[in-house]
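Student: Before I ask anything, let me first share the structure, which is written out below as structure tokens.
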Amino acid sequence: MIPKLPVRQTGHHKGDFGRGILVGGCRGMAGAISLAGMACMKSGVGSLKIATTKESFPIVASFDPCYMTSVLPSDQNGIVSLDALAPLERLLKSSTAIGIGPGLGQSEGLIELVSWLYTQVPQPIVFDADALNCLSEVPEVLMHPAGPRVLTPHLGEMRRLLQGEHSDPVELADRAALLSSEAGAVIVLKGHRSQISAGSRKIFNPSGNAGMATAGSGDVLTGIITALLCQGLKAFEAAQLGCLIHGLAGDAAARRIGEISLTAKDIVRFLPKAFRAVLRKERRRQIRQQKQAKKS
């Protein structure tokens with residue numbers, strides 16, 4: 001069954017739909033966190049702040065006027081430094097959910113920063129891209145989540161999380177489900193018919209197409225799931241619905257422009273159509289239930 005989207009009623013304000021924080025974007029990779037930010041805004045978050053480096057800040061801020069930006073300390077390579085821990089901790093105090101990883105980069109300081117987020121911050125957090133690569137350097141951290149965790153690796157990132165122990169895609173999928181159970185985290189193994197695992201629960205996403213195998217597609221998914229967490233969905237439901245919406249938007253884009261020309265920005269563009277499709281399906285389900293209730 002498809003998780004229900006949060007109901008919006010007259011009188012609601014932006015605070016009712018959560019405050020998101022996205023962390024990422026280093027020198028040369030500002031687009032990744034910007035795509036995540038645009039997707040997060042299109043997926044219903046109440047308000048969003050992107051925390052990024054001073055090198056990426058002007059680019060990130062120019063992508064979309066709807067989200068806010070905050071500058072984090074960076075090292076000589078234009079990557080978020082460990083000095084960002086204190087200002088980031090202050091930012092997170094008012095957040096509902098967090099996403100980290102798109103365009104983040106990798107460094108010794110980031111390994112410590114990402115580990116701190118995983119083990120010390122109680123809010124729901126989505127870990128993607130370089131945040132996963134940081135966690136793969138300290139795999140023991142995975143067993144100590146401080147709150148709901150959603151990990152969104154592709155096959156290569158999953159392989160690194162497992163310390164290169166498995167290479168066969170079927171084995172990786174089985175181990176992803178096992179790791180999810182052991183760590184108490186939701187794992188979205190991205191690919192054709194992405195697998196979403198949470199303990200004994202495992203489902204496969206039915207939507208999506210080959211055109212979505214393009215740079216930035218995963219960043220968009222991070223933004224969608226973060227937005228759904230901000231609106232109150234549990235981690236597994238946010239991951240399930242996020243993958244479905246992501247794929248439906250990609251399918252709508254492919255129908256309009258074709259798989260070859262599809263880019264991550266097109267997935268963002270078609271998110272409204274995907275959300276409307278899910279809402280229509282939910283409405284039809286409610287009508288069927290009402291009719292069945294009257295008959296009985």
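Student: Lysines within cross-link reach of Lys49: Cα-Cα under 27 Å, excluding same-chain residues under 8 positions apart?
Tutor: Within the straight-line limit of under 27 Å, Lys49 reaches these lysines: Lys4, Lys14, Lys93, Lys190, Lys234, Lys265, Lys273.
Student: Still on this structure, I have one more. So between Lys273 and Ala215, what do we pick up on full extension, going 0.36 nm a residue minus the alpha carbon distance? Each step should come with its number before you reach the end.
Tutor: Values: separation 58, 0.36 × 58 = 20.88 nm, distance 2.16 nm.
18.7 nm is the gain from fully extending Lys273 to Ala215.
Student: How much length, in nm to one decimal, is gained on full extension between Arg201 and Asp16, taken as 0.36 nm per residue of separation minus their Cα-Cα distance?
Tutor: The Arg201-Asp16 span can extend by a further 63.7 nm.
Student: Work out, in µm²/s and without decimals, the Stokes-Einstein translational diffusion coefficient of the range 1-106 at 4 °C, 1.567 mPa s, Rh from Kirkwood over C-alpha pairs.
Tutor: Working: Rh = 14.2 Å.
Diffusion coefficient, whole number: 91 µm²/s.
Student: Could you work out the relative contact order of the chain, using alpha carbon pairs under 8 angstrom and six or more residues apart, expressed as a whole percent?
Tutor: About 18 percent, as a whole number.
Student: For the range 162-232, rounded, prolate or oblate, judged on the Cα gyration tensor with a ≥ b ≥ c (square roots of eigenvalues), a/c < 1.5 rounded, else prolate if a/b > b/c?
Tutor: It comes out oblate by the Cα gyration axes.
Student: Here is a further query. Pick from Ser62, Ser94, Ser180: which residue has the top mean-square fluctuation in a GNM of the chain where Cα pairs under 10 Å get a spring?
Tutor: Looking only at Ser62, Ser94, Ser180, the largest GNM fluctuation is found for Ser62.
Student: What residue among Ala176, Ala210, Ala36 has the largest mean-square fluctuation in a Gaussian network model of the chain, using Cα springs under 10 Å?
Tutor: Ala210
Student: Separation between the Glu282 and Leu178 pseudo-spin-labels, each 7 Å from Cα along Cα→Cβ, expressed in nm?
Tutor: 3.7
Student: Could the peptides 19-25, 86-92 be put in order, highest first, of the mean number of other beta-carbon atoms found within 10 Å of their residues? Let's see the in-between values first.
Tutor: Values: 19-25: 28.9, 86-92: 15.0.
Output ranking for 19-25, 86-92: 19-25, 86-92.
Student: Okay, moving on. Would you indicate which of (1) 18.5, 70; (2) 25.1, 82; (3) 31.7, 102 is the value of Rg and Dmax of the Cα atoms in Å derived from the coordinates of this structure?
Tutor: (1)
Student: Moving on. Just from its helices, what would the mean residue ellipticity at 222 nm be for the chain, if runs of 4 or more DSSP H residues each count -39500 (n - 2.57) and the sum is divided by every residue, rounded to the nearest 500 deg cm²/dmol?
Tutor: Theoretical 222 nm ellipticity from helices: -14500 deg cm²/dmol.
Student: What is the fewest-to-most order of Ile59, Ile2, Ile79, Ile225 by other Cβ atoms lying within 10 Å of their Cβ?
Tutor: The fewest-first ordering by Cβ neighbours comes to Ile2, Ile59, Ile79, Ile225.
Student: What whole-number distance in Å separates the alpha-carbon centres of the range 91-140 and the range 8-55?
Tutor: Each part reduced to its Cα centre gives a spacing of 16 Å.
Student: Please give the helix 235-257 orientation as an angle from the longest Cα principal axis of the chain, in degrees from 0 to 90, rounded to the nearest 10.
Tutor: The helix 235-257 is inclined about 80 degrees to the chain.
FYI, it's all coordinate maths here, none of it is from the lab. What you see is a predicted model; the values in this text were computed from it and never measured. When we count neighbours, we look across all protein chains shown, and the Cβ atoms used for this are built from the backbone with ideal geometry, even at glycine.
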